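**Q** So that we are looking at the same thing, I have put the structure below in structure tokens.
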């Protein structure tokens with residue numbers, strides 16, 4: 001069975017800066033893949049290329065058998081590939097329910113979308129804040145709301161950009177339980193993350209970028225022992 005996502009020889013430049021240099025990897029269906037690397041490694045740029053916010057100078061992105069390299073973000077979302085953002089981007093003046101409803105309306109009539117949104121709220125344990133404006137929520141819950149909105153589009157694959165950043169241990173634990181529920185619902189996950197305990201604990205496979213180049217790929221234990229990764233990013237204490 002072919003991979004759900006194939007990133008093939010992607011290069012992305014901004015003027016003279018090469019943000020991604022010939023990056024390739026696959027993600028299998030129902031896998032949880034982590035992407036790590038130092039600041040400026042190209043992680044968020046990679047997500048932006050995969051989801052159509054940037055178009056690469058060369059290479060291909062293939063999702064579920066479709067070449068999406070030059071698709072728009074809305075077209076990619078309609079195919080079943082969606083994302084969250086490093087800087088959370090909910091509709092702050094709308095309620096939690098209204099945010100999730102917007103996602104649900106991608107594939108459904110309004111009445112059916114209401115049912116879908118209510119279902120997602122239950123699955124994500126957000127019913128108690130259903131009618132709260134998102135601007136009144138703490139950052140951790142805003143991140144869960146953004147994930148819920150993405151899930152309401154009924155994706156096959158969800159990209160999560162630094163979902164655990166800035167959270168305390170209790171909040172991180174809640175996010176981790178949320179990710180387990182998402183995967184249990186049949187969604188493939190790919191995460192960009194800096195919180196090593198979190199990414200090492202949740203990922204089945206990890207890809208490491210440094211200055212736009214993929215320098216390693218393997219299981220968390222393999223990555224933790226990789227000398228190139230230790231020198232470029234993790235530091236000796238993770239060896």
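**Q** If we keep just the residues of segment 87-111 that are part of a loop (DSSP other than H, G, I, E, B) and free of Cβ contacts under 8 Å to residues at least 12 places away in the same chain, which is nearest to residue 143 (Cα to Cα)?
**A** Step by step, filter segment 87-111, then rank; the result is 87.
**Q** Take segment 133-152 and flag every residue that is in a loop (DSSP other than H, G, I, E, B) and surrounded by fewer than 22 Cβ atoms within 10 Å (Cβ to Cβ).
**A** Result: 137, 138.
**Q** Now for a separate question. Mind checking whether some residue in segment 165-175 is surrounded by fewer than 21 Cβ atoms within 10 Å (Cβ to Cβ), assigned to a loop (DSSP other than H, G, I, E, B), in contact (Cβ under 8 Å) with a residue 24 or more places away in the chain and within 15 Å of the chain's Cα centre (by Cα)?
**A** Yes - at least one qualifying residue is present in segment 165-175.
**Q** Is it fair to say residue 22 is part of a loop (DSSP other than H, G, I, E, B) and more than 18 Å from residue 154 (Cα to Cα)?
**A** Criteria not met by residue 22.
**Q** Looking at 65, 40, 52, which one is over 30 Å from residue 167 (Cβ atoms) and out of contact with any strand residue (DSSP E or B) (no Cβ under 7 Å at 6 or more places or on another chain)?
**A** 65
**Q** Out of 237, 142, 181, 149, report the one residue that is modelled with pLDDT under 85 and in contact with a helix residue (DSSP H, G or I) (Cβ under 7 Å, 6 or more places away or on another chain).
**A** 181
**Q** Further, regarding this structure: Looking at segment 46-86 only, could you name the residues that are surrounded by 19 or more Cβ atoms within 10 Å (Cβ to Cβ), without any contact (Cβ under 8 Å) to a residue 60 or more places away in the chain and not in a loop (DSSP other than H, G, I, E, B)?
**A** 48, 49, 61, 76
The values are calculated or read from the model by the stated rules, or taken from the named source; none is laboratory data. The model shown is predicted, which means the values in this text are computed figures rather than measured ones. All Cβ positions, even for glycine, are placed from backbone atoms using ideal geometry, and neighbour counts span all protein chains on display.
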